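Novice: Just passing along the structure, written as structure tokens.
The values are calculated or read from the model by the stated rules, or taken from the named source; none is laboratory data. Not measured: the values here are computed from a predicted model. Note that we place each Cβ from the backbone using ideal geometry, even for glycine, and neighbour counts take in every protein chain shown. Calculation scope for accessible area: heavy atoms of the full protein, side chains included, ligands and nucleic acids excluded. Shrake-Rupley method; radii C 1.70, N 1.55, O 1.52, S 1.80 Å.
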Amino acid sequence: MTDEASAAPGRIVLLTASHRVAPGLLSWPAWRTLHAADRVVCADAGHPQLPYLREAGVTVEHTAPGAQDLVDACAGGRTVVVIPAADGDGTDARLTDGLARLAGSGRVRMPDLELLPGSYDLPGARLLDLVQVMDRIRNECPWSSGQTHEGLAKYAIEEAYELVEAIEDGDADELREELGDVLLQVVFHARIAQEGPVGEEEEEGDDGEGDGKSGAFSIDDVAGTIVEKLIHRHPHVFGDESADTPEEVKAHWLRMKAVEKRRASVTDGVPLGQPGLALTAKLASRARTAGLEVALPEGESIGYELLALAVRADEAGVDPETALRAAARVYRDRILAAERAPEGTPGA
């Protein structure tokens, strides 16, 4: 080895990998670096990557070297790969802090420091974390483990209204939080459904998966169902049909939906439990889309007047529920202003 080579500072590579990606699925640069390294060290003897590295012929030392030890190991132009512990026990943080202190001292010729991601999170990867957290809560939390679809139903309604309020307020932080609360309801119900109806045992096939006859399903089944539905109802995106306007897209959607549902009435699938204005608008929209000429019922109560207003709003392309909520918020603001006004002020 030449004097120049022996004096080369070498390289420290911190190889990271996402726990949301299956162990062993590393990038080509990661595998190439691992095979070419002079040493590969990992303080975590139970790291999930290790079996796959051994199978690939990579020798890993189970040790937790200090910062100075690593610098010394890189002398002569050597490359040392450090695999961070999977449990994040703080060992790696202490190592990086030590390397930073050495580099900042100005007294040590530091090796090249490189952060090499061996695998990346794909969009939606954090949803896997949510599924895992929900699974643990369902198993270990006394309250969550006893919940049922029926018991949770009211929370789904509450969270949906809170989401609408966040949208109306235009608060991005609040919107993000409320979307998470709604998503939690979906994952929670799917986790309960995974256990199947109470009192029934799910039949299992050769693969250990339920055959679905008992009514059990998982979050993957929920996601798979909506993916299939979206693909089927967007032939202009995933198929050979075309749609250049929102109206053409809606026509595609309604046509595909009609094929899927095969409903006996245009009112099938309209939930009668929704707010009255929204219910009226939905019924009016269904009738109008089907080309039905239906006379509005008449009566003496204010309900029939509200029904006529809701139908008129729908015909004008206005969501009556949203319009009334907007007006109600203005009314709320005026009430607040009246409460703050000094006594004797008009409107107070």
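Novice: Output wanted: per-residue J couplings in Hz (rounded whole) for the stretch 302-312, from phi through Karplus 6.51 cos²θ - 1.76 cosθ + 1.60, θ = phi - 60°, x for Gly and Pro.
Specialist: Per residue, the Karplus-derived 3J(HN,Hα) values read 5, x, 6, 5, 5, 4, 5, 5, 5, 5, 4 Hz.
Novice: Could you sort 217, 238, 188 by accessible area so the largest value comes first, with the probe set to 1.4 Å? Write out the running numbers ahead of the final one.
Specialist: Values: 217 90, 238 130, 188 10 Å².
Final ranking, largest accessible area leading: 238, 217, 188.
Novice: Give me the percent of DSSP beta bridges within the chain that run antiparallel, rounded to the nearest 5. Working shown, then result.
Specialist: On the way: 1 of 15 bridges.
Restricted to the chain, the bridges split so that about 5 percent are antiparallel.
Novice: Let me have the 222 nm mean residue ellipticity of the chain computed from DSSP H runs of 4+ only, each contributing -39500 (n - 2.57), with the sum over all residues rounded to the nearest 500. Walk me through the numbers before you get to the answer.
Specialist: Values: 14 runs with 182 residues, N = 348.
My calculation for the chain gives -16500 deg cm²/dmol from helical runs alone.
Novice: At 7 Å along Cα-to-Cβ for each site, give me the label-to-label distance between residue 237 and residue 27 in nm.
Specialist: Distance between label points: 2.9 nm.
Novice: If you average 1/r across every pair of different Cα atoms in the stretch 33-154 and take the reciprocal, what Kirkwood value do you get, in Å? Please list the in-between numbers first.
Specialist: Working: mean 1/r = 0.0563 Å⁻¹.
Roughly 17.8 Å, rounded to one decimal.
Novice: Once you mark the GluC sites (Glu not before Pro) that are in a DSSP loop and have at most 15 other Cβ atoms within 10 Å, what is the longest gap between them in the chain? Intermediate results must be reported in sequence, preceding the final value.
Specialist: Details: sites that count: 195, 200, 201, 203, 209, 241, 293, 298, 300, 343.
Answer from the scan: 1-194.
Novice: Computed FRET efficiency, Cβ-Cβ of residue 330 and residue 301, R0 25 Å: what is it to the nearest 0.05? Present the calculation step by step, with values, prior to reporting the outcome.
Specialist: Values: r = 26 Å, r/R0 = 1.05.
Step by step, r from the Cβ atoms, then E = 0.45.
Novice: Output wanted: per-residue J couplings in Hz (rounded whole) for the stretch 331-337, from phi through Karplus 6.51 cos²θ - 1.76 cosθ + 1.60, θ = phi - 60°, x for Gly and Pro.
Specialist: Per residue, the Karplus-derived 3J(HN,Hα) values read 5, 4, 4, 5, 5, 4, 5 Hz.
Novice: With the full set of protein chains in place, find how many percent of the accessible area of the chain is carbon and sulfur; take the probe as 1.4 Å.
Specialist: Numbers: 12700 of 22970 Å².
Result for the chain: 55 percent of the exposed heavy-atom area is carbon or sulfur.
Novice: Taking 0.36 nm per residue of separation and subtracting the Cα-Cα distance, what length does fully extending residue 128 through residue 319 add?
Specialist: On the way: separation 191, 0.36 × 191 = 68.76 nm, distance 3.60 nm.
Value of the extension gain: 65.2 nm.
Novice: Using a 1.4 angstrom probe on the protein heavy atoms only, line up 35, 234 by accessible area, largest first. Mind showing how you got there, number by number?
Specialist: Values: 35 110, 234 45 Å².
Listed by decreasing accessible area, they come as 35, 234.
Novice: Kirkwood Rh, the stretch 63-127, all Cα pairs: how many Å?
Specialist: Working: mean 1/r = 0.0735 Å⁻¹.
One decimal place: 13.6 Å for the Kirkwood radius.
Novice: In Å, what is the Rg of the alpha-carbon atoms in the stretch 231-348, and how long is Dmax?
Specialist: Computed over the Cα atoms of the stretch 231-348, radius of gyration and Dmax are 20.4, 70 Å.
Novice: Keeping every protein chain present and rolling a 1.4 Å probe, give me the accessible area per residue for the chain in Å².
Specialist: Details: 22970 Å² over 348 residues.
Dividing the accessible area of the chain by its residue count gives 66 Å².
Novice: Please state, rounded to one decimal and in Å, the Kirkwood hydrodynamic radius that the chain gives when every pair of distinct Cα atoms enters the mean of 1/r.
Specialist: Working: mean 1/r = 0.0368 Å⁻¹.
For the chain, inverting the mean 1/r across all distinct Cα pairs yields 27.1 Å.
Novice: While we're on this one: Roughly how many nanometres apart are two label points built 7 Å out from the Cα toward the Cβ at residue 52 and residue 218?
Specialist: 1.9
Novice: Also, I was wondering about something else. Separation between the residue 164 and residue 257 pseudo-spin-labels, each 7 Å from Cα along Cα→Cβ, expressed in nm?
Specialist: About 1.8 nm separates the two model spin labels.
Novice: Moving to a separate point now. ³J(HN,Hα) across the stretch 216-226 via Karplus (A = 6.51, B = -1.76, C = 1.60, θ = phi - 60°), whole Hz, x for Gly/Pro?
Specialist: 6, 8, 10, 5, 5, 5, 4, 5, x, 5, 6
Novice: In nm², what is the average projected area of the convex hull enclosing the Cα atoms of the stretch 232-290? Don't skip to the end; give the middle numbers.
Specialist: On the way: hull surface 18.8 nm².
Convex hull of Cα atoms, orientation-averaged projection: 4.7 nm².
Novice: Ok, one more. Between the stretch 60-132 and the stretch 133-190, how far is it from one alpha carbon centroid to the other, in angstrom?
Specialist: What the calculation gives is 38 Å, centre to centre.
Novice: In Å and on Cα atoms, what radius of gyration and Dmax does the stretch 48-97 show?
Specialist: Computed over the Cα atoms of the stretch 48-97, radius of gyration and Dmax are 12.1, 32 Å.
Novice: While we're here: To the nearest 0.05, how large is the calculated FRET efficiency for residue 100 and residue 171 if R₀ is 25 Å and r is the Cβ-Cβ distance? Numbers along the way, then the final one.
Specialist: On the way: r = 38 Å, r/R0 = 1.53.
Taking R0 as 25 Å, the efficiency between residue 100 and residue 171 is 0.05.
Novice: Can you give the translational diffusion coefficient of the stretch 92-183 in µm²/s, computed by Stokes-Einstein from the Kirkwood radius over Cα pairs at 10 °C and 1.306 mPa s? Let's see the in-between values first.
Specialist: Numbers: Rh = 18.0 Å.
Translational diffusion coefficient: 88 µm²/s.
Novice: A further question on this structure: Using amide H atoms built 1.01 Å from N in the peptide plane, name the residues 5+ places from residue 79, or on other chains, whose amide H lies under 5 Å from its own.
Specialist: Hits under the 5 Å cutoff: 11, 38, 39.
Novice: Would you please state the base-10 log of I(q)/I(0) at q = 0.23, 0.25, 0.29, 0.30 1/Å for the stretch 262-320, with intensities from the Debye formula using one equal scatterer on every alpha carbon?
Specialist: Values, matching the q order: -0.99, -1.13, -1.32, -1.35.
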